[in-house]
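Worksheet: the structure to be examined is printed underneath.
The values are calculated or read from the model by the stated rules, or taken from the named source; none is laboratory data. Keep in mind it's a predicted model, so treat the numbers as computed, not measured. Cβ placement follows ideal geometry from the backbone for every residue including glycine, while neighbour counts extend to all protein chains displayed. Note: areas computed on protein heavy atoms with side chains; ligands, DNA, RNA excluded. Shrake-Rupley method; radii C 1.70, N 1.55, O 1.52, S 1.80 Å.
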Amino acid sequence: HGADIVPRGTGGVLHMTLEGGRGRVPQGLDPLPGHTNYFIGNDSARWRTEVPHFAKVDCGEVYPGVHLVYYGNQQRLEYDLVVRAGADPTRIRFAYRGAHSIAIDASGELIIRTAFGEVHQAAPQVYQEIAGARQPVDGRYRLLGRNRVGFEIAAYDRRRELVIDPVRSEEHTSELQSLRH
């Protein structure tokens with residue numbers, strides 16, 4: 001249903017929910033070598049062993065025809081919204097709890113102001129894979145009301161899958177400790 005953004009060293013949490021979205025059981029994609037064991041606490045019934053590693057985690061169809069996929073990118077956790085052919089990307093809506101205000105700057109960057117500072121997300125990269133190449137699609141954040149954000153997407157081939165990649169800003173990534181689902 002959402003994720004927590006935990007800025008390093010602040011003790012604060014910004015909670016992002018998929019407004020109107022549905023929770024699904026995540027599935028690992030692209031298995032990686034190795035496993036991890038978690039022996040936390042004294043209760044061996046709660047220990048986890050042989051936990052597999054994956055390059056991506058598909059959180060399933062969070063909106064009709066829209067999958068949320070998390071993946072690692074150079075020591076950062078990022079996510080894509082994969083809009084299947086014929087699905088409606090305007091259904092995607094984020095609500096932020098813990099935000100004092102949200103703005104979009106002149107470059108299209110999303111700026112979320114909180115009690116512990118600002119969290120930035122660069123303008124989304126929107127594209128379609130056509131004949132093995134990424135074809136950019138014009139897309140931007142759209143403010144939907146107090147602490148709510150969606151996307152505005154220009155014309156694209158609705159017969160093909162569309163990817164919306166809300167990238168965290170490079171200059172602010174060091175502030176972010178984790179994005180937890």
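Key figures for this structure:
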{"item": "Total residues in region 119-149, condition in a loop (DSSP other than H, G, I, E, B), open to solvent by less than 90 Å² (accessible area, probe 1.4 Å) and small (Gly, Ala, Ser)", "result": "3"}
{"item": "Residue identified as under 23 Å from Arg22 (Cβ atoms), surrounded by fewer than 18 Cβ atoms within 10 Å (Cβ to Cβ), touching a Lys or Arg at 6+ places or on another chain (Cβ under 8 Å) and not charged (D, E, K, R) among Gly98, Gly65", "result": "Gly65"}
{"item": "Verdict on Ala106 being hydrophobic (A, V, I, L, M, F, W, C), assigned to a loop (DSSP other than H, G, I, E, B) and either modelled with pLDDT of 90 or more or open to solvent by 20 Å² or more (accessible area, probe 1.4 Å) (or both)", "result": "yes"}
{"item": "Boolean, Gly11 is of a type outside the set (Ser, Thr, Tyr) and in a loop (DSSP other than H, G, I, E, B)", "result": "yes"}
{"item": "Index of the failed condition, Asp4 passing every other in (1) farther than 30 Å from Thr114 by Cβ; (2) surrounded by 13 or more Cβ atoms within 10 Å (Cβ to Cβ)", "result": "(1)"}
{"item": "All positions within region 40-76 that are of a type outside the set (D, E, K, R), closer than 24 Å to Gln128 by Cβ and in contact with a strand residue (DSSP E or B) (Cβ under 6 Å, 6 or more places away or on another chain)", "result": "Ala55, Val57, Cys59, Val62, Val66, His67, Leu68, Val69, Tyr70, Tyr71"}
{"item": "Residue ID - nearest to Pro166 (Cα to Cα), chosen from residues in region 18-35 that are within 24 Å of the chain's Cα centre (by Cα) and at pLDDT 90 or above", "result": "Leu18"}
{"item": "Residues of region 37-52 classified as in contact with a Lys or Arg (Cβ under 8 Å, 6 or more places away or on another chain) and either of a type outside the set (A, V, I, L, M, F, W, C) or surrounded by 11 or more Cβ atoms within 10 Å (Cβ to Cβ) (or both), total", "result": "2"}
{"item": "Complete set of residues in region 14-33 that are without any contact (Cβ under 8 Å) to a residue 40 or more places away in the chain, outside any loop (DSSP other than H, G, I, E, B) and open to solvent by less than 40 Å² (accessible area, probe 1.4 Å)", "result": "Gly28"}
{"item": "Pair list, Cβ under 9 Å, 6 or more apart: region 36-58 residue farther than 17 Å from Pro26 by Cα, other residue of a type in the set (Phe, Trp, Tyr) and in a strand (DSSP E or B)", "result": "Arg46/Tyr38; Trp47/Tyr38; Arg48/Tyr38; Thr49/Tyr38"}
{"item": "Hits in region 155-172 (condition: at pLDDT below 95, buried (at least 17 other Cβ atoms within 10 Å of the Cβ) and either farther than 24 Å from Gly28 by Cα or β-branched (Val, Ile, Thr) (or both))", "result": "Val167, Ser169, His172"}
{"item": "Which numbered condition Glu152 misses (of (1) modelled with pLDDT of 95 or more; (2) closer than 21 Å to Ala99 by Cβ; (3) open to solvent by less than 50 Å² (accessible area, probe 1.4 Å))", "result": "(3)"}
{"item": "Yes/no for Glu50 being on the phi > 0 side of the Ramachandran plot, part of a strand (DSSP E or B) and either out of contact with any Pro (no Cβ under 7 Å at 6 or more places or on another chain) or modelled with pLDDT under 95 (or both)", "result": "yes"}
